[in-house]
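Data block below; observations after.
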Amino acid sequence: MTERTPTGRGGGRPVTAAGEADAGLRQLEGYLYWQDQNRQARRAAQEFADLLPWLTAAQRLDLENHLAHTQLQATRRGLEQFREHRERLREQYGARYHRLRARCLLAVLLATAVCTTVLLAVVRY
């Protein structure tokens, strides 16, 4: 795989073709998810408007647009809250991982020092 510097996001880090493909698939998945949410919001708004047969065509369209927009805003807020929570968890677990890694490295270094000291003591006597 070839590495190249991306244009746009990524902070100038080299990106592999597989990384670009993964990012593209995530973007496509997000797009398809949002289209599905839009379709569901429209369907729900139309079903609600069906319960109000006395609405004029313009009123019905306004109501459907308003309800769909409101539902999509709620979905967007939910996704933002999920993203923020995910980022907080990523930071927390990242910090825990680094502490654990430092502790493990310290334990290995101490064990190596103890083993070396014991071995040198045995060799001298």
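The values are calculated or read from the model by the stated rules, or taken from the named source; none is laboratory data. Nothing here was measured: the structure is a model prediction, and the numbers come from that model. Reconstructed Cβ throughout: ideal geometry from the backbone, glycine too, with neighbour counts over all protein chains shown. In case anyone asks, the SASA skips ligands and DNA or RNA and just uses the protein heavy atoms, side chains included. Shrake-Rupley method; radii C 1.70, N 1.55, O 1.52, S 1.80 Å.
Data table
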{"read-out": "Integer Hz, Karplus 6.51/-1.76/1.60 couplings in order for segment 26-35, x for Gly and Pro", "value": "5, 5, 5, 4, x, 4, 5, 4, 5, 5"}
{"read-out": "Accessible area of the chain divided out per residue, in Å², using a probe of 1.4 angstrom", "value": "86"}
{"read-out": "Selection from Thr56, His69, Ala102, by position along the positive dipole direction of segment 50-104 (Cβ)", "value": "Ala102"}
{"read-out": "Estimated FRET transfer efficiency (Leu89, Ala23; beta-carbon r; R0 25 Å; 0.05)", "value": "0.75"}
{"read-out": "Counted charge near Ala41, where neighbours are those whose Cβ lies closer than 12 Å (Asp, Glu -1; Lys, Arg +1)", "value": "+1"}
{"read-out": "Relative contact order for segment 25-125, counting Cα pairs under 8 Å that sit 6 or more residues apart, in percent", "value": "24"}
{"read-out": "Chain lengthening between Arg76 and Ala111 when straightened (0.36 nm per residue, less Cα-Cα)", "value": "7.4 nm"}
{"read-out": "Fluctuation leader among Thr56, Thr75, Thr16 - the chain, Gaussian network, Cα springs under 10 angstrom", "value": "Thr16"}
{"read-out": "Choice from Arg42, Arg83, Arg101 with maximal GNM fluctuation in the chain (Cα, 10 Å cutoff)", "value": "Arg101"}
{"read-out": "About the Cα centre, charge dipole magnitude for the chain (Lys/Arg +1, Asp/Glu -1 at Cβ), debye", "value": "820"}
{"read-out": "3J(HN,Hα) from dihedral phi, segment 74-88, Karplus parametrisation 6.51/-1.76/1.60, rounded to Hz, x for glycine, proline", "value": "4, 5, 4, 4, x, 5, 5, 5, 4, 4, 5, 5, 4, 5, 4"}
